[in-house]
1. List the pairs whose first member sits in segment 61-73 and is over 15 Å from Trp25 (Cα atoms) and at pLDDT below 95, whose second member is in a helix (DSSP H, G or I) and of a type in the set (Val, Ile, Thr), and whose Cβ atoms are under 9 Å apart, counting only residues at least 6 apart or on separate chains?
2. Would you check if there is a residue in segment 40-47 being part of a helix (DSSP H, G or I) and either surrounded by fewer than 17 Cβ atoms within 10 Å (Cβ to Cβ) or modelled with pLDDT of 95 or more (or both)?
Amino acid sequence: MADHLPDKVAYVQVAADTSITFADWDTESDRLAGALVDAGVAKGDRVAVYLPPEEALEWMISYSAVHKAGAVA
């Protein structure tokens, strides 16, 4: 989606009055995926992602990053 609709809003977190575009989601998850790999996460590793509901945007980024790193969330 980031390639085709980069500036479109991907998700809105109404309670926190925040949102994220597809491009930002892609960029942030790429950054975190790189950090996970640098920290030693390898293909097939299991990574737990626990964040409270009010951090839904961060959860989405983290979940995507785990999969981009080749791990399983």
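1. Ala73/Val66
2. No, the conditions are met nowhere in segment 40-47.
The values are calculated or read from the model by the stated rules, or taken from the named source; none is laboratory data. Computed from a predicted model, the values in this text were never measured in an experiment. Cβ coordinates were reconstructed from backbone atoms using ideal geometry, including for glycine residues, and neighbour counts include every protein chain displayed.
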